[in-house]
Amino acid sequence: MSKKTATLNTLEPVPGTKVWPGLLSREAQEELVATFREQIAENPLYQPTMPKTGKPFSVSMTNFGDLGWVSDRTGYRYEDRHPATGRLWPPIPEGLRALWAGLTGYDAPPEACLLNYYGPHAKMGLHQDRDEKPLDAPVLSISLGDTAIFRLGGLERKGTTQSFKLASGDVMMLGGPSRLRFHGIDRILPGTSTLLEKGGRLNLTLRRVTDPARANN
Ligand code: MD6
Ligand code: FE
């Protein structure tokens with residue numbers, strides 16, 4: 001992936017929440033989409049379901065890396081295989097691993113890269129990312145395609161929230177005191193990007209899942 005960046009402007013709306021608007025060039029975005037396209041036959045998007053209720057998510061998902069985040073009636077967890085194909089997840093694209101190393105400064109590589117696909121009506125409810133062991137590792141998020149309205153709350157579900165837009169090529173991090181902030185996607189703005197032929201939005205989140213300081217966890 002090209003290292004060329006449109007801007008090195010870093011925004012930090014609250015401590016630990018960092019946004020790099022337009023960090024990925026159009027060329028880098030197209031390269032990522034091409035990589036995902038190549039993988040899609042053997043690593044298809046699937047529709048996960050909510051724990052207990054079995055209600056389908058409006059977002060479809062797949063993963064890259066040693067571990068992938070999955071949800072079904074039995075709960076949320078990380079698994080090394082695709083729930084529908086039974087295959088190991090493909091590796092995290094090199095460009096994304098380099099981005100993680102450059103932006104997080106974390107001393108171990110990411111183990112999971114969750115890919116979320118949003119059609120025109122998809123959204124994601126307010127949630128915390130807390131299925132990972134090392135909470136000192138941030139979660140790094142890359143947005144591709146249509147712009148999304150991202151909602152950022154506090155450390156409790158109730159309480160005040162703010163929202164901001166995430167456009168194609170924007171990179172965002174929840175780390176430090178923001179690592180467990182509630183967040184979600186209110187909606188996407190269809191037709192705001194030409195990156196994906198059929199429209200919609202892709203979001204990638206890179207995570208460290210196991211504690212690098214411990215051999216077996
Ligand atoms: C999304 N993002 O942008 C959903 N999680 O589609 C997330 O859930 C998220 O952007 C943890 C850290 C950053 C994120
Ligand atoms: Fe999240």
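Readers should treat all values here as calculations from the given coordinates under stated rules, not as data from a laboratory. Source: prediction; values computed, not measured. All Cβ positions, glycine included, derive from the backbone under ideal geometry; neighbour counts span all protein chains shown.
Could I get the Rg over Rh figure for segment 126-178? Both from C-alpha atoms, Rh via Kirkwood, rounded to two places.
So for segment 126-178, dividing Rg by the Kirkwood Rh gives 0.98.
Within segment 53-114, the proportion of Cα pairs with more than 15 Å between them is 56 percent.
I'd like to compare 80-91, 55-66: which one has the highest average count of other Cβ atoms within 10 Å, and what's the full order after that? Mind showing how you got there, number by number?
Values: 80-91: 14.6, 55-66: 18.8.
Final packing ranking: 55-66, 80-91.
Under a model in which nothing but the beta-carbon of Lys, Arg (+1) and Asp, Glu (-1) is charged, segment 107-217 shows a dipole of about 340 debye around its Cα centre. By the Stokes-Einstein formula, at 0.692 mPa s and 37 °C, segment 9-103 with its Kirkwood radius over alpha-carbon pairs has D equal to 213 µm²/s.
With only Lys, Arg, Asp and Glu charged, each at its Cβ (+1 for the first two, -1 for the last two), find how big the charge dipole of segment 1-104 is about the Cα centre; round to the nearest 20 debye.
The calculated dipole for segment 1-104 is roughly 300 debye.
Normalised size of segment 171-217, defined as Cα radius of gyration per 2.2 N^0.38 Å with N residues, equals 1.69. The length gained by stretching the chain between T53 and L135 to full extension, at 0.36 nm per residue less their Cα-Cα distance, is 26.7 nm.
Taking the charge dipole of the chain about its Cα centre, with +1 at Lys and Arg Cβ atoms and -1 at Asp and Glu Cβ atoms, the residue from L67, L99, G199 reaching farthest to the positive side is G199. The charge dipole of the chain, taken about its Cα centre with unit charges on the Cβ atoms of Lys, Arg (+1), Asp and Glu (-1) only, comes to about 680 debye. So if R0 is 35 Å, what FRET efficiency would H121 and A98 give, r being the distance between their Cβ atoms, rounded to the nearest 0.05? Efficiency, from the Cβ-Cβ distance: 0.55. With 0.36 nm allotted per residue and the present C-alpha distance subtracted, the T194-E31 stretch has 57.3 nm of extension available. Segment A41..A213, full-extension length gain: 58.3 nm, with 0.36 nm per residue of separation and the alpha-carbon distance subtracted.
One compactness figure for segment 42-163 is 1.10, namely its Cα radius of gyration divided by 2.2 N^0.38 Å.
Placing a label point 7 Å from the Cα of E79 along the Cα-to-Cβ direction, the residues of segment 27-43 with a backbone N closer than 15 Å are 43. Here, segment 118-217 yields an orientationally averaged convex hull projection of 7.0 nm² when only Cα atoms define the hull. Eigen-decomposition of the gyration tensor built on the alpha-carbon atoms of the chain gives equivalent ellipsoid semi-axes of 22, 21, 20 angstrom, largest listed first. Working note: Karplus 6.51/-1.76/1.60 with θ = phi - 60° gives segment 160-174 the couplings 6, 10, 10, 10, 8, 8, 10, 9, 4, x, 6, 10, 9, 10, 10 Hz, where Gly and Pro are set to x. Each stretch of four or more DSSP H residues adds -39500 (n - 2.57); spread over every residue of the chain, this sum gives -3500 deg cm²/dmol at 222 nm.
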